[in-house]
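Asks: Let me begin by handing over the structure; questions about it come next.
Rule-based calculations on the coordinates, nothing more; no lab input. Please read these numbers as outputs of a predicted model, since none were measured by experiment. A quick note on method: Cβ atoms are made from the backbone with ideal geometry, for glycine too, and the neighbour counts reach across all protein chains shown.
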C-alpha cells in the first residue's frame, strides 16, 4: 500500500472550531480527514448530505466508533501491525471485535 501526504490551507478559526467539535468524538483533525477521504472513496460520493442539520453526520456511520478507529490507526503506524481487508465489511467486523 502506497501512502501519500495531503496538504491544505484553511482559516485558523475554522480549524480550531473543527478540532473542538471533533474532540467530543475522540478524534483529531488528521484522523477525521482520513475517515472522510476513505469513506468518500468507499461510497463514491460525499459521505453526508450537504446542508444536513447538525447531529447527523456520515450516512450509516457511527461516530463513536470513529474514535476507536483513530486509536487503532495510531497502533497501526507500526508496519508490523498492518492488516489488509478484502472490503469495508470485513474491516469493520475486525474493528468491532477489537472494540467490543
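Asks: Would you mind ranking 86, 42 so that the residue whose beta carbon has the fewest other beta carbons within 10 Å leads the list? Walk me through the numbers on the way to the answer.
Replies: Numbers: 86 7, 42 12.
So the residues, fewest neighbours to most, are 86, 42.
Asks: Treat each spin label as a single point 7 Å out from the Cα along the C-beta direction, and report the residue 77 to residue 94 distance in nm.
Replies: 2.0
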